[in-house]
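Undergrad: Please read through the structure below; I'll follow up with questions.
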Amino acid sequence: MFENYSAGDYIEAWCTKCRLELGHTIVAMVDNAPRRVKCNTCNSEHNFRAKPSGKKRTKGTPSIKKTKSRNRGYRELISRLSDSDPSNAKKYSIEGNFEKDEIIYHPTFGLGIVSSVVQADKVEILFRDGPRLLVQNRQSLAV
Ligand SMILES: [Zn+2]
């Protein structure tokens with residue numbers, strides 16, 4: 001596998017310091033395999049490791065945990081939020097009626113996007129600092 005490599009060559013390896021798969025320079029070869037490598041990014045010298053220990057990782061496909069899919073959805077919403085025109089945002093109030101994907105302006109939290117209508121009187125709105133559960137369709141008590 002490493003027959004064509006020799007000390008001084010460029011090799012992709014796991015950097016124990018950067019915690020990333022990065023370009024390294026081979027420092028020492030043992031039994032036709034890289035033993036010591038030097039990270040081209042942080043210049044640290046360490047034992048050669050092709051992949052992070054204890055983790056299976058397919059090359060080219062970054063591992064995304066299934067539990068993060070929700071966050072990924074949030075990221076999409078946030079990017080949609082960034083692309084939207086703030087002047088079109090609907091002003092939040094407890095009496096309001098909001099729909100999924102609507103851009104909301106909240107006086108305290110700022111711009112947000114409705115990520116889901118939880119109940120008839122409850123919406124989850126994603127703000128830049130995270131999702132918040134807010135009420136909707138409430139009659140104002142201040143009458
Ligand atoms: Zn490094």
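Undergrad: Among the aspartates and glutamates, select those whose C-alpha is under 12 Å from the C-alpha of Lys90, and discard any that sit fewer than 8 residues away in the same chain.
TA: Glu99, Asp101, Glu102
Undergrad: Straight distance only, please: which aspartates and glutamates reach the Cα of Lys17 with their own Cα at less than 19 Å, same-chain residues fewer than 8 apart left out?
TA: Output for Lys17: Glu45.
Undergrad: Determine the shape class of the range 68-135: with a ≥ b ≥ c the square roots of the Cα gyration tensor eigenvalues, call it rounded for a/c under 1.5, and otherwise prolate if a/b is greater than b/c, oblate otherwise.
TA: Oblate.
Read the figures in this text as sums done on the coordinates, not as results from a lab. Bear in mind the structure is a predicted one, so any value in this text is a computation, not a measurement.
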